[in-house]
Structure formats: structure tokens, C-alpha cells
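Remarks on the structure that follows.
Throughout, read-outs are computed from the coordinates displayed, never taken from laboratory work. All of these numbers come straight from a predicted model, not from anything done at the bench. Here the Cβ positions follow ideal geometry from the backbone for every residue, glycine too, while neighbour counts run over all protein chains shown.
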Amino acid sequence: MRFERLIFLAALGLAVLVLMSRPGRAQDGAQANANDAASMPIFDAHMHYNQEPNPFFSLDKVIEVFGRNNVKGVLATSRPNKGTHQLMEAKAPGLWVVPFIRPYRVRADIQTWFGDPLSIELIEQEFKRGYYRGIGEFHLYGKAAWNPIVKRIVDFAVANDLYLHAHSDEEALIILFEHNPKAKIIWAHTGFSTPPSRVAELFEKYPMLWGELSYRGGITGPGRALTPEWRDLFARYSDRFLLGSDTWINERWASYDDTFSEYRSWLKQLPREQAQRIAWGNAQKLFGAAKVD
């Protein structure tokens, strides 16, 4: 029995030495997450295929750009809505298109849509196509959000289970919820520079608010390292963020690869579950896509 015990202790010691010689689990996990983030599918939650009068890229080229960045889904909007129609009609294999109605016919509508009855007419006509999931991206600031036409649009969205994609300041964002507390709002750019602590307060107050991160400042510091404030915010609310390209001008199409390379550079710094939610999982939960590899 004594000899068997000595054999057991020797084997146990050898096992400990083997484990000690391997990299730590945290290091293994970090490396695995870095590899995941480099290739995980991404949903682009702020994409414009504008046509005034012609798009920057052909439809085939746009689909190729999505493919090489492993962008498997897009929240599609355009000015006019013709570009969104084309993306839907293309039925590109492996690309999930979530169409939103943009209440703009031409660029100048950005300044006037919220006071123009034709905006409601446009939305109602487009909605008859039967495939839209939301309204926006639209621009709205301050007390302009109190316009009765805005309230009618918010109520229309709630009645038809549509999301609102709002490029707005905090005042207008809060007024949208005042119009109808059942509104579901994706906040374009997450306020651009709204302090993370305030973003957390808004998420806490409005459970149907999500933040889209294109052009959002302060997420990373030197060397693309996540700032402590944003690392903490993602830890608390990784189920409330989406990524986006915001291809509102041609230069954003030209730099599309760089935009998603930067996203992946900080996604790999997050725990895998958080990164996957932000990259794809939250869009899947909101809009109901099939799972992807």
C-alpha cells in the first residue's frame, strides 16, 4: 500500500508540473477570443445605400465589400429608399438584410422632415411593401422632437412593432420616449460624446433603448486599447450595443474595411460572450435572424 501511495503522489506531481508548464487559462482564453474576434460575423446596424442619383458602388461591389469583412447582415437604409429596395430584391446568398424606412427623398429633407406631412405619407406608402422592420435613420434635435408629426410617426412605429433609428441629441431622444414609452429606439452613434456614465443611466431608465456605435468617441485610447469606462459599460450592457458603418458619404465606403478592422481590434479585448453579443447576437435577438457560424 505504501508503494502504491508513492506511485500516486509521483503521478500527481507530474500532472501539476505539466499544468504549470502550460500558459495560464486567462492567456489561453484571451488568445482564443482574439482569434474569434478576427473572424466572427458582424451585423452592420447603420448602413446607407444612398443614390443621388447613382450609388458610389454597384450592388455587386457592395455585396463583395460585406463579404470580405464577414458582415453577414445589415440594417439597410437609403436616400431615397430605392437603394434598400435593391438590396432586398438582390437576395444575396449569406446576407441578411433588415430594411428600415428612411423619411427622406433628398438630402435637404434632413432639415425639414419632422414638420412635413409628406414624411408620414412616405412612411405609410413604404410600409405597404410588407418587409420593413423600422423607421430611420432620421435626424432630430432638441425641442423639434415635440412636433406633432414626430409623435404620429412614433405612434405609427409602436402600433406596427417597428424600431426607430434616431440620430438625435439627448433632449430629442427623451422626447421620443415621452411621445410613447413603448417606443423601441436604436440611438445612432450613442450620442457621439455622451459620457459613458450618462449612457448607463439612460439604458437603466429606458429598457427599450440600444446604442449604435459608428462615430462614437472615447471607446478606445492609445493603441486602440479599450478605455476603462467603456470596458465597464460593455461589461454591464453588452446586450444593448450594435456596430455600424454609417456609409453616409462615399469616403465611408472607401474606408469600410478600416472601420471594421478597428471594431475587431477592440472586440478582441472583450470576453467572448460580450464581443459576440455586440458583433451579431444583439441584432439577432432584436430582428430574429437565424444563427450563423
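Results, tabulated for the structure shown:
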{"read-out": "For the stretch 109-150, convex hull volume per residue from C-alpha positions, Å³", "value": "73"}
{"read-out": "Principal-axis tilt of helix 228-237 within the chain, Cα atoms, nearest 10 degrees", "value": "80"}
{"read-out": "Convex hull (Cα only) mean projected area of the stretch 27-286, reported in nm² to one decimal", "value": "13.1"}
{"read-out": "Full-extension gain in nm, Thr227 to Arg107, via 0.36 nm per residue minus C-alpha separation", "value": "39.6 nm"}
{"read-out": "Rg and Dmax [Cα atoms of the stretch 219-293; Å; Rg one decimal, Dmax integer]", "value": "13.3, 37"}
{"read-out": "Ellipsoid equivalent to the stretch 135-280 - semi-axes via the Cα gyration tensor, in Å", "value": "27, 17, 14"}
{"read-out": "Rounded to 10°, Cα long-axis angle of helix 59-68 versus longest principal axis of the chain", "value": "20"}
{"read-out": "Antiparallel DSSP beta bridges within the chain, percent to nearest 5", "value": "5"}
{"read-out": "The chain: angle of helix 256-267 to the longest principal axis, Cα-based, in degrees nearest 10", "value": "40"}
{"read-out": "Ascending count of other beta-carbon atoms within 10 Å, so fewest first, for Lys268, Lys151, Lys285, Lys91", "value": "Lys91, Lys285, Lys151, Lys268"}
{"read-out": "Order of Asp169, Asp161 under a 10 Å beta carbon neighbour criterion, fewest first", "value": "Asp161, Asp169"}
{"read-out": "Peptides 43-55, 105-117, 173-185 ordered by average Cβ neighbours within 10 Å, highest first", "value": "43-55, 173-185, 105-117"}
